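A short write-up of the structure that comes next.
What follows draws every value from the coordinates through simple rules; no lab data is involved. Nothing here was measured: the structure is a model prediction, and the numbers come from that model. Ideal geometry is used to build each Cβ from the backbone, glycine not excepted, and the neighbour counts take in all protein chains shown.
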Amino acid sequence: MVKPDAIQEVGTIIDTVYQNGFAICNMKSVILSRNEAEEFYREHFGKPFFNTLMSFITSGPVLAMELKAESAVTRWRSLLGPTDSRAARTEAPSSLRARFGFDNTKNACHGSDSDQSANRETDFFFKSNAKR
Ligand code: ATP
């Protein structure tokens, strides 16, 4: 998912997706409501940064993509780099978060952290009766 802070860079991000051997099976741009954002990020409910994350992720359009590749979860997260874009700029300067993110909230892109969450999150956006 391309987050609101990086939506203007979506062309370059899609180029990077293809250059790294992913196929895009589904793609959708939406503005998440607060309820939808809470559902999507439900595992973080109650954490100190939750409200900040909710305000940010609902502040503009996101681009959801269902990506397909061998070991897609691991490879996409490696392309993302560390959660905090400031750390990414020193630890993984060519990563998407280093290139397009700002800090530990505005960090350009999301990636599912397991096959199980990838299934849940693609259903969230793309199932025929999708929540979004
Ligand atoms: P994502 O789930 O978005 O791919 P991640 O797995 O690297 O990111 P998580 O720990 O799952 O990071 O946090 C989800 C999101 O919440 C982060 O991408 C970031 O936008 C925000 N976030 C995480 N930690 C913090 C923090 N300490 N302060 C502010 N925002 C945070």
Residue in the stretch 3-12 that is loosely packed, with under 14 Cβ neighbours inside 10 Å, touching a residue at least 24 places away in the same chain (Cβ under 8 Å) and within 11 Å of the ligand (Cβ to nearest atom) present: no
Count - residues of the stretch 80-113 that are more than 9 Å from the ligand (Cβ to nearest atom), surrounded by fewer than 19 Cβ atoms within 10 Å (Cβ to Cβ) and closer than 21 Å to residue 31 by Cβ: 1
Failed criterion for residue 15 (all others in (1) surrounded by 13 or more Cβ atoms within 10 Å (Cβ to Cβ); (2) without any contact (Cβ under 8 Å) to a residue 12 or more places away in the chain hold): (1)
Leading residue by the ranking (surrounded by the fewest Cβ atoms within 10 Å (Cβ to Cβ)) among those in the stretch 31-56 that are outside any helix (DSSP H, G or I) and more than 16 Å from the ligand (Cβ to nearest atom): 33
All positions within the stretch 68-79 that are touching a residue at least 12 places away in the same chain (Cβ under 8 Å) and more than 13 Å from the ligand (Cβ to nearest atom): 68, 69, 72, 75
For residue 37: the one exception among (1) without any contact (Cβ under 8 Å) to a residue 24 or more places away in the chain; (2) within 12 Å of residue 111 (Cβ to Cβ): (2)
Helices (runs of 4 or more DSSP H) fully within the stretch 69-119 counting 2 or more residues that are among the hydroxyl-bearing types (Ser, Thr, Tyr) and more than 13 Å from residue 1 (Cα to Cα): 72-80, 85-91
For residue 9: the one exception among (1) in a loop (DSSP other than H, G, I, E, B); (2) closer than 19 Å to residue 83 by Cβ; (3) under 15 Å from the mean Cα position of the chain (by Cα): (1)
